[in-house]
1. For the chain, what % of the accessible area comes from carbon and sulfur atoms, probe 1.4 Å?
2. When ligands, DNA and RNA are left out and all protein chains stay put, how many square angstrom of accessible area per residue does the chain have with a 1.4 Å probe?
3. Given axes a ≥ b ≥ c from the Cα gyration tensor, I'd like to know whether the stretch 151-225 is rounded (a/c under 1.5), prolate (a/b larger than b/c) or oblate.
4. Count the DSSP beta bridges whose two residues both fall in the chain, then state the antiparallel fraction as a percent rounded to the nearest 5.
5. Could you go through the stretch 337-353 in sequence order and give the Karplus-derived ³J(HN,Hα) for each residue, using 6.51 cos²θ - 1.76 cosθ + 1.60 with θ = phi - 60°, rounded to whole Hz, and x for Gly and Pro?
6. As a test of reading the structure, rank Thr295, Thr142 by solvent-accessible area (1.4 Å probe, protein chains only), most first.
7. Give the aspartates and glutamates reachable from Lys376 as a straight Cα distance under 16 Å; neighbours fewer than 8 places away on the same chain don't count.
8. Can you give me the span-like helices of the chain, meaning DSSP H runs with 18 Å or more of Cα extent along the axis and Kyte-Doolittle mean at or above -0.5?
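The values are calculated or read from the model by the stated rules, or taken from the named source; none is laboratory data. Quick caveat: nothing in here was measured; it's all calculated off a predicted structure. Cβ atoms come from the backbone with ideal geometry, glycine included; neighbour counts cover every protein chain shown. The accessibility values were calculated without ligands, DNA or RNA, using every heavy atom of the protein model including side chains. Shrake-Rupley method; radii C 1.70, N 1.55, O 1.52, S 1.80 Å.
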Amino acid sequence: MAADLLVWWVAGGRRDVAQKPWMFPAHGRWPAPEESLDPYGIWIAEVMLQQTQLQVVLPYWKRWMEAFPRLELLASASEQQVLLLWQGLGYYSRARRLHATSRLLLAQLERSDVESNGFNQPSHWPVDPEVWLELPGIGRSTAGGILSSAFNSPLAILDGNVRRVLARLHAHPEPPMRAQSQFWLWSENLIDAVPGLSRNLNQALMDLGATVCTPRHPSCEVCPWDALCAAYASDSPQQYPVKEAPREIPFQVIGVGVVINDAGEVLIDQRLNEGLLGGLWEFPGGKQEPGELITDTICRELREELAIEVRVEQELIKVDHAYSHKKLRFEVHLCHWLAGDPQPLASQQVRWVKPSELADYPFPAANSRIIAALLKHLD
Ligand code: SF4
């Protein structure tokens, strides 16, 4: 079974340097089993790929490697530089953890007495998955992905693509997250079946899930496992993986104030580091209470969170934004600052900035339309 997958992958996998540049050594050919690769670029790619597709990740990875080509450059960067490069990829805690992890890894490599020009030598990096698992943002699948890619270590992976393929292959009757140990066992069995080829096997599994066994329209007729696949035999592969009963997604209106002072500066605040958008900058505001006018929401939120008084003026824009767990509508008004020195009562810091400087700050994706509307208004 694993051997069939590898035969398919040699012809049909994503083995091109343009698709996965982190998988290619300097000679430009796919690495031989005995070759080790630079774990730095692989680690960055693995974390970016945790929630995001390959074609989206690619330009981000390239920009990142241009800005921080080596571990020590990432470790010495500011959090703002890191978040700006991540802007648009979402799940910003990944960027903050990468940054924190770079400092831990650097300290570890320094402790092992490596010359500063040697940090990117593969042999100096940890090869024990337990060491990686202690680092922020590294789970079992990410550790397996990094070590199998860099060192061809015989470690399994279990990301969303792999779960889907295995759930279909076995027509597993319950959601994969309820049977994690079974799914890990299936993934490990595949690795064990092709000794010395775990790097290729894991890449092949991911490629099969991303390009053939796709979520909505699996191409079973070109799949190397068509004759073995229980879901295909049942004629309904799309029914797998079995999903949890859908939850109702809550909807919330957020009143947002774009506060401008007499000098023409705009007030922004930096979110606390917790949560999905932690550490990013935003225009202040908050949730509308039942029965509350949106203009009252904005006044109340700015008073509670920044200790300022404003006059709420015209609407600037409405922006709808859907996250996986909630839908938000931002109702954004221009506001004139009246009184109070802004205090970061619910944020890390607040800052008055010129509108032309907004591009220097990392904002959540939903805010880019607010910034564009503001710049158009001021034009
Ligand atoms: S046969 Fe179809 S459903 Fe089964 S693993 Fe292949 S692509 Fe997925």
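1. Working: 9240 of 18070 Å².
The nonpolar share, carbon plus sulfur, comes to 51 percent.
2. That works out to 48 Å² for each residue.
3. oblate
4. On the way: 22 of 32 bridges.
Beta bridges within the chain, antiparallel portion: roughly 70 percent.
5. Rounded to whole hertz, the list is 6, 9, 7, x, 7, x, 10, x, 6, 10, 9, 7, 7, 10, 8, 8, 9.
6. My answer, sorted largest first, is Thr295, Thr142.
7. Within the straight-line cut-off, Lys376 pairs with Glu265, Glu315, Glu357.
8. Result, helices passing both filters: 54-67, 180-193, 198-211.
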